[in-house]
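See below for the structure under consideration.
The values are calculated or read from the model by the stated rules, or taken from the named source; none is laboratory data. Nothing here was measured: the structure is a model prediction, and the numbers come from that model. So basically every Cβ, Gly included, is an ideal-geometry build from the backbone, and we count neighbours across all protein chains shown.
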Amino acid sequence: MSNDTSGNSLHTTGAPDPHSDVTHASHNEEVETTVEVPWHTWPIGQRVMIRATLPPGGTHGYTDYLGVIIQSDSSGLTLETRSGAVQIAAERIAIGKPIPPPPARRARRSPNA
């Protein structure tokens, strides 16, 4: 690998470095990339927050879902939310993360206390 001392470019010449973590391909080769989707590693029963895109033309671009995963595959997720089961297509999922269980409900205090 040679460096241009002007700082304008970085050129690679010759064979790829066998110790490099970078995968090299010629202009004629197709490079297959696999994007890992995080929900594939989340177990059924995991409580999650998902931000999903909404159809264009509305007043908002995204909506959030909070629920427990009841189904997960390459096509998307199904969550059990407070308002019922919601299917979210994979192409609509913008971001998401596992979250802890809801806090335990506290007992109501009696009016005499």
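For residues that are aliphatic (A, V, I, L, M) and at pLDDT below 60, scanning just region 25-56, find the one that is surrounded by the most Cβ atoms within 10 Å (Cβ to Cβ).
Quick first cut of region 25-56, residues aliphatic (A, V, I, L, M) only: 25, 31, 35, 37, 44, 48-50, 52, 54.
Narrowing further to those that are at pLDDT below 60: 25, 31.
On the way: ALA25: 10, VAL31: 8.
By that ranking, first place goes to ALA25.
Anything in region 43-88 that is outside any strand (DSSP E or B) and either closer than 16 Å to ILE99 by Cα or among the polar types (S, T, N, Q) (or both)? List them, or say none.
Once the filter is applied, which keeps residues that are outside any strand (DSSP E or B) and either closer than 16 Å to ILE99 by Cα or among the polar types (S, T, N, Q) (or both), region 43-88 yields PRO43, ILE44, GLY45, GLN46, THR59, SER74, SER75, ARG82, SER83.
Could you please find all residues in region 73-99 being touching a Lys or Arg at 6+ places or on another chain (Cβ under 9 Å) and within 21 Å of PRO56 (Cα to Cα)?
Hits for region 73-99 are GLY76, ILE93, ALA94, ILE95, GLY96.
Look at ALA89 and say whether it is exposed (fewer than 14 other Cβ atoms within 10 Å of the Cβ) and touching a residue at least 12 places away in the same chain (Cβ under 8 Å).
For ALA89, the condition - exposed (fewer than 14 other Cβ atoms within 10 Å of the Cβ) and touching a residue at least 12 places away in the same chain (Cβ under 8 Å) - is met.
Answer with yes or no whether ALA94 is within 17 Å of the chain's Cα centre (by Cα), surrounded by 14 or more Cβ atoms within 10 Å (Cβ to Cβ) and in contact (Cβ under 8 Å) with a residue 24 or more places away in the chain. Steps first, answer last, please.
On the way: within 17 Å of the chain's Cα centre (by Cα): yes; surrounded by 14 or more Cβ atoms within 10 Å (Cβ to Cβ): no; in contact (Cβ under 8 Å) with a residue 24 or more places away in the chain: yes.
Here the answer is no, as ALA94 does not meet what is asked.
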